[in-house]
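Structure first, then comments.
The values are calculated or read from the model by the stated rules, or taken from the named source; none is laboratory data. Please read all numbers here as calculations on a predicted model, not as lab measurements. Cβ coordinates were reconstructed from backbone atoms using ideal geometry, including for glycine residues, and neighbour counts include every protein chain displayed. Side chains are part of the model used for accessible areas, which takes the heavy atoms of the whole protein and leaves out ligands, DNA and RNA. Shrake-Rupley method; radii C 1.70, N 1.55, O 1.52, S 1.80 Å.
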Amino acid sequence: MNNKRIAFCYTALGILLLVLIIMNMLMGSSSMTAGDAFRILFSHDTVSRYGRIVWDIRMPRIIAAALLGGALAVSGFLLQTFFSNPIAGPYILGISSGAKLVVACAMVYALTHGIMLHSFVMIIAAFIGSLAVTAVILLISGKVRSMSVLIVCGVMVGYICSAVTEFLITFADDSNIVNLHNWSMGSFSAVSWENIRVIAPVVAITVILSFLLSKPMNAIQMGEHYAVSVGVNIRAFRTGLIMLSSILSATVTAFAGPISFVGIAAPHLIRSITDTSRPIVMIPQCFLGGSVFCLLCDLLARNLFAPTEMSISSMTAVFGAPVVIAMLIGRKAR
Amino acid sequence: MKSDEIRRGSTGSGGSKEVIRTESLDSGYGRKVIVAGAELSVMPGEIAVLIGPNGAGKSTVLKTIAGQLETIAGTVFIGGRDRTEYASADIAKKQAVMLTERQPAEKMSCMEVVSLGRYPYTGRFGILSREDRRIVRETMELVHISELAERDYDQISDGQRQRVLLARAICQEPEIMLLDEPTSYLDIRHKLEFLDLLRDLARHRGIAVIMSMHELELAHLTADSVICISAAGRVEKAGPPEEVFTDELISRLYGLEDGRLRQVYSGFAESIGKMTDNIGKKTESR
């Protein structure tokens, strides 16, 4: 059995997660020692310079990277199950860009009218964008049989949404435009504690609901006909899958902007290590894998060219895209 | 079950105990009828084979009986009850399907695929009980695929794959099995082995089997009853093989020229006959 591999994967991911959290905490434009960090964490020091860095900047950012990274990976896995294609993901299918467009509209509107957007409003805006693009992709998938054509269409839809977003950002004149621009490139830097109080429950509930769908997901991996024959209500199931996946990717986009390739690379790496695609194993492991992936990428994005910070998406692309390419080549070879 | 018997009696089907029956069944896609007015009935332990030209609608009929397609008109009775009266989870315990769907399952071991047959019996998370695991193991032994347990389903041969899928269907402990051209991709030895297995299953477990097939000679060998579906989408004839396999009927069903069928099969039989004669002579001369 591959139980050993699964156990190994859990252990490895657990250790990596811990190490990366610590590294993210200590490293940055101003480094600190483990002793400093411990003292600050246990004394609830939120006023000294280091205290403010830990509590106001690094902690929310680490939590955001871990939660949103996990959400992205699970969202990708759900889409892959839905389309029975391992290259499907929220970014490549243009779903993230759709979310980005609607959030940008909402932000520009709010900025010009001097309104503060609540985190929930941001998620809802992103969710509307995700669903709109998903609807377009589903329409296309009804017309084209080939998965690769569908993926190309998704990339195109993504470009269109990004272009429109760029327009908006270019012509919206406001002092906050720099923030908006950073966000639209993808970054965990703007996530606040107030955001996290919304992100954490939304992500937790959605991932748990996805986990509860493991059993029918397992059946549909053997084909839709088979799933029907063992009593899966296919329409309800598919709707649920798309909704959950959209909520997850919408939450990510609302707070961190579009982040590329995590949704494909993390599930693929996990699948290769555990040697199984059983959803009951995949969903929790994908979540952990996505967290680790994003924490690593964020660590590098912050520190590689410090004090200049790179966008998280370019970092995830550097690591994620080769994984996807290797996967494509591997599939062709078979 | 008892109330079913009564209801079955009232449908006036002559008191038979068929496990599956269709009544003036129109099947097809959307509203487009492909096979009209099909009347079939299969007893427990019986193998019914659907034959007919490409595109006649053999798969369509199978999919409709399986519930993959909605019936356009008419009724499918399972155990004497209208199919639509069952909850889909209950049907899954009565009916297993093996349809041609060559979807590669990524990173699934053969054992995982077979285990999926227990789907209707497992709980919320689909975790196998000890009993489920015993059934999976025994079924894999039964169809001789125990050694494939840990192999990737993607990387086994067509013959092995059909056995894995058969094992999955058996694990579902069905009363009815529906198979769509299960032997098409197999060589002659694997075809025969597969059909022998199916034969045994039907006999020993009393499973009613409906399958479509292109190989007439194998249909002749395996079937208890043969159902001919014509290019026009009608059940042309249904009956025991010796009644169905006549030169005239088969030639008409497939639109063959006069004498063509005879030429193919008697020519082949003659060669095979010579082959066996030659082997006989060689062994004699030794």
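Taking the centroid of alpha carbons for each part, segment A:273-307 and segment A:1-70 are 14 Å apart.
Taking every residue in B:108-117 and counting other chain Cβ atoms within 10 Å of its Cβ, the average works out to 4.
Placing unit charges on C-beta atoms (Lys and Arg positive, Asp and Glu negative, everything else neutral), compute the dipole magnitude of segment A:3-333 about its Cα centre in debye, rounded to 20.
For this selection, approximately 960 debye.
Under a 5 Å amide H cut-off, with hydrogens placed 1.01 Å from N, residue B:237 pairs with B:228 among residues at least 5 apart or on other chains. One decimal place: the segment residue A:159-residue A:29 gains 43.4 nm when fully extended, by the rule 0.36 nm per residue minus the C-alpha distance.
DSSP beta bridges fully contained in the protein assembly as shown are about 50 percent antiparallel.
Here is the list for segment B:79-137: chymotrypsin sites (Phe, Trp or Tyr not before Pro) lying in DSSP coil, each with at most 14 other C-beta atoms within 10 angstrom of its C-beta, are B:125.
In segment A:3-333, with Lys and Arg counted as +1 and Asp and Glu as -1 at Cβ, which of these residues, A:50, A:170, A:189, has the Cα nearest the positive end of the dipole, that is, farthest along it? About the Cα centre, the residue reaching furthest to the positive side is A:189.
Around the amide H of residue B:73, modelled in the peptide plane, lie the amide H atoms of B:26, all under 5 Å away and 5 or more residues distant in sequence or on another chain.
Of the residues A:75, B:19, A:219, the one whose Cα sits farthest towards the positive end of the charge dipole of the protein assembly as shown is A:75 (charges of +1 on Lys and Arg Cβ, -1 on Asp and Glu Cβ, taken about the Cα centre).
Estimated from helical segments only, the mean residue ellipticity of the protein assembly as shown at 222 nm is -19500 deg cm²/dmol, where each DSSP H run of four or more residues counts as -39500 (n - 2.57). Return the single residue from B:27, B:184, B:129 with maximal mean-square fluctuation; model: Gaussian network over chain B, springs between Cα atoms under 10 Å. Per the Cα network of chain B with a 10 Å cutoff, B:129 tops the list.
Each peptide in A:255-265, A:74-84 was scored by the mean count of other Cβ atoms within 10 Å over its residues; highest first, the order is A:255-265, A:74-84. The 3J(HN,Hα) values that the Karplus relation (6.51, -1.76, 1.60; θ = phi - 60°) gives for segment B:57-67 are, in residue order, x, 4, 5, 4, 4, 4, 5, 5, 4, 6, x Hz. Gly and Pro appear as x. When the alpha carbon coordinates of segment B:46-103 are projected onto the principal axes, the ranges are 33, 29, 25 Å, largest first. Solvent exposure of segment A:3-333 amounts to 42 Å² per residue of accessible area, where only protein heavy atoms count and the probe is 1.4 Å.
Debye-formula intensities of the protein assembly as shown, expressed as log10 I(q)/I(0) at q = 0.09, 0.10 Å⁻¹, are -0.81, -0.93 (one equal scatterer per alpha-carbon, no solvent). Checking every one of the chymotrypsin sites (Phe, Trp or Tyr not before Pro) in segment A:262-334 against DSSP loop status and a limit of 12 other Cβ atoms within 10 Å picks out A:305.
To put it simply, the accessible area of segment B:164-286 at a 1.4 Å probe is 52 percent carbon and sulfur.
The mean number of partner chain beta-carbon atoms within 10 angstrom of a residue's beta-carbon across peptide A:228-239 is 5. Buried accessible surface for the A/B chain pair comes to about 2800 Å², total over both chains, computed with a 1.4 Å probe. Here the Karplus curve 6.51 cos²θ - 1.76 cosθ + 1.60, taken at θ = phi - 60°, turns the phi angles of segment A:314-326 into couplings of 5, 5, 5, 5, 4, 8, x, 4, x, 4, 5, 4, 4 Hz, with x standing for Gly and Pro. Overall size of chain B from C-alpha positions, given as principal axis extents largest first: 66, 47, 34 Å.
In order along segment B:260-269, the Karplus-derived 3J(HN,Hα) couplings, from 6.51 cos²θ - 1.76 cosθ + 1.60 at θ = phi - 60°, round to 5, 4, 4, 4, 5, 6, 6, x, 5, 4 Hz, and Gly and Pro are given as x. Mean partner shielding of peptide A:274-280, defined as the number of other chain Cβ atoms within 10 Å of each residue Cβ, is 4. Build a GNM of chain A with springs between Cα atoms under 10 Å: which of A:130, A:229, A:162 gets the top mean-square fluctuation? Evaluated over chain A, the most mobile residue of the options is A:229. Accessible area of segment A:3-333 with a 1.4 Å probe: how many percent of it is carbon plus sulfur? So the carbon and sulfur contribution to the accessible surface is 72 percent. Looking at segment B:194-281, the GluC sites (Glu not before Pro) that sit in a DSSP loop and have at most 14 other Cβ atoms within 10 Å of their own Cβ are B:257.
Gain in length, residue B:269 to residue B:157, computed as 0.36 nm per residue apart minus the alpha-carbon separation, to one decimal in nm?
Values: separation 112, 0.36 × 112 = 40.32 nm, distance 2.94 nm.
This chain segment gains 37.4 nm when fully extended.
Dipole check for segment A:1-95: with +1 at the C-beta of Lys and Arg, -1 at the C-beta of Asp and Glu, and the Cα centre as origin, the magnitude is about 120 Debye. Applying a threshold of 21 Å to the alpha-carbon distances of B:32/B:58; B:63/B:94; B:58/B:93; A:4/B:107 flags B:58/B:93 as lying beyond it.
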